[in-house]
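Beneath this line is the structure, given in structure tokens, with notes to follow.
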Amino acid sequence: MKITEFLKKENIRTGLLCSSKKGVFELICNIVSSQTEEQETSCFEAICHREKMGNTGLNNGIAIPHAKLAVGDKPIAVFLQLDTPIKYDSADHRDVDLIFAILIPEDCCPSCSPLLPYLAECFSDKNLCKQLRLAKSPDEVWSIFLAHDHVEVVEEAEESEQTTDY
């Protein structure tokens, strides 16, 4: 699995000033609705509904808001790097500055079940998060994700070789 399978370079924003979780959700939905047939309001309602079911903030200033979309044929992701962290009501009470939103069409949900645990594992990597926080542009963030995906593919190949060696 690769982050860059779901994230496009044009869906990356860096150095953003947002004052609230609501503002972040509105920005995410604006980006998503400009690329899909999903209406911005229904996208926003889906993210807010999911957030009410349980906070999507991880620890260490990371959040992975996610929701189901009524339309589409593949997941769409948005990555936001905030200039100033926002209150997010995360379990560790830390404000959030890195947000990776993933919106999954209802028809794709069964095949995407491993996606959220994979993203949570990726963003528990403190080195990855440090690099993302230091990035100065969407191009830099994209390069970081490409490098991360490459390392993941190499590690998966090595694990596969080890399990087939006798």
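The values are calculated or read from the model by the stated rules, or taken from the named source; none is laboratory data. Note that this is a predicted model, so its numbers are computed, not measured. Neighbour counts run over all protein chains shown; Cβ positions are idealised from the backbone, glycine included. For the accessible areas, the whole protein counts, side chains as well, though only heavy atoms, and no ligand, DNA or RNA atoms are used. Shrake-Rupley method; radii C 1.70, N 1.55, O 1.52, S 1.80 Å.
Name the residue, out of Ile3, Ile62, that is modelled with pLDDT of 95 or more and either closer than 16 Å to Phe100 by Cβ or in contact with a helix residue (DSSP H, G or I) (Cβ under 6 Å, 6 or more places away or on another chain) (or both).
Ile62
Within the stretch 113-142, which residues are more than 19 Å from Ile62 (Cα to Cα) and at pLDDT 95 or above?
Passing the criteria: only Asp139.
Only residues that are open to solvent by less than 40 Å² (accessible area, probe 1.4 Å) and hydrophobic (A, V, I, L, M, F, W, C): list them for the stretch 42-63, please.
Cys43, Ala46, Ile47, Cys48, Ile62, Ala63, listed by residue number.
Does the stretch 103-110 include one or more residues that are outside any helix (DSSP H, G or I) and of a type outside the set (Val, Ile, Thr)?
Yes; the residues of the stretch 103-110 include at least one that is outside any helix (DSSP H, G or I) and of a type outside the set (Val, Ile, Thr).
Does the stretch 1-23 hold any residues that are among the charged types (D, E, K, R) and surrounded by fewer than 18 Cβ atoms within 10 Å (Cβ to Cβ), and which are they?
Residues satisfying the conditions are Lys2, Glu5, Lys8, Lys9, Glu10, Lys22.
In the stretch 77-106, what residues are β-branched (Val, Ile, Thr), at pLDDT 90 or above and under 15 Å from the mean Cα position of the chain (by Cα)?
Val78, Val96, Ile99, Ile102
Specify which of the listed residues (Ile47, Ile12) is touching a strand residue (DSSP E or B) at 6+ places or on another chain (Cβ under 7 Å) and in a helix (DSSP H, G or I).
Exactly one residue qualifies, and that residue is Ile47.
Filter the stretch 24-41 down to residues that are part of a helix (DSSP H, G or I) and touching a residue at least 24 places away in the same chain (Cβ under 8 Å) and give me whichever is surrounded by the fewest Cβ atoms within 10 Å (Cβ to Cβ).
So the residue we want is Leu27.
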